[in-house]
Amino acid sequence: MNNEFAKKTSPYHHGNLKESLVETALDIIDKDGLDAITLRDLTQRLGTSRTAVYRHFESKEALILGVIEKGYENLDRMFTPIFKDRTQSVETRFKTMGRAYLDFAIEHPNLYRLLFGDKYHQEREELCDYKDENQATGLYALIGLLLEAQEEGIIATVNPMVQAAMVWASIHGLASLLIDGHLMMRDNIDAIYEYSIGVLLKGLH
């Protein structure tokens, strides 16, 4: 799966230390987990000082919130084009979206848990306003896709926000079971996904 989550960080240049700190921290979390993040390691990797880091982030926690915000931005950039690609049918886009979400969770479990797990739940609520269409572009692109599906008679004409919550809950549940080892059927992911997405579509009708 091609995305921006696991790209290698290059040495920063003058003026973009803040971005480099976030990208490097994101890369560390992706590979080694949240507990692997230390300001000492970051400064060594980027060849800078703690004083320079503190100019941008007052603490490690503040840096992690920056990573969360960047992670959501990357997810929105990944999902929004899928939803808006009208060269593909509604059903194809719906299935592509779900599989992209599932693949992201499987390939980047540490980042997935940071973005959607219990830890930092309150901070995420304060950081990301899902009622802001400009901020949560992926969510509102999904709602737009659901409205298309309603117009075509593919799904029931009900509140699309409620439908979006159901879609996310269903795919998130499957992803969480897989990455946390509760569903020991990784060899059959394709079959499980195809059946699950089919049931979900029928449930929305």
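A few points about this structure:
- The one condition in (1) within 14 Å of the chain's Cα centre (by Cα); (2) of a type in the set (A, V, I, L, M, F, W, C); (3) closer than 22 Å to ASP85 by Cα that LEU115 fails to fulfil: (3)
- Among the candidates LEU146, LEU178, LEU174, residue that is open to solvent by less than 90 Å² (accessible area, probe 1.4 Å), under 20 Å from ILE106 (Cα atoms) and either modelled with pLDDT of 90 or more or part of a loop (DSSP other than H, G, I, E, B) (or both): LEU174
- Test result for HIS108, in contact with a helix residue (DSSP H, G or I) (Cβ under 8 Å, 6 or more places away or on another chain), on the phi < 0 side of the Ramachandran plot and of a type outside the set (Lys, Arg): yes
- Apart from one condition, LYS119 fits all of (1) outside any loop (DSSP other than H, G, I, E, B); (2) closer than 20 Å to ALA25 by Cα; (3) among the basic types (Lys, Arg); the exception is (1).
- Helices (runs of 4 or more DSSP H) wholly inside region 14-96 containing at least 3 residues that are closer than 17 Å to TYR120 by Cβ and of a type outside the set (A, V, I, L, M): 60-84
- Residue within region 83-90 that is within 14 Å of LYS18 (Cβ to Cβ), open to solvent by 80 Å² or more (accessible area, probe 1.4 Å), modelled with pLDDT of 90 or more and not aliphatic (A, V, I, L, M) present: no
The values are calculated or read from the model by the stated rules, or taken from the named source; none is laboratory data. Everything quoted here is computed from the prediction, not taken from an experiment. All Cβ positions, glycine included, derive from the backbone under ideal geometry; neighbour counts span all protein chains shown. Protein only, heavy atoms only, side chains kept; ligands, DNA and RNA dropped before computing areas. Shrake-Rupley method; radii C 1.70, N 1.55, O 1.52, S 1.80 Å.
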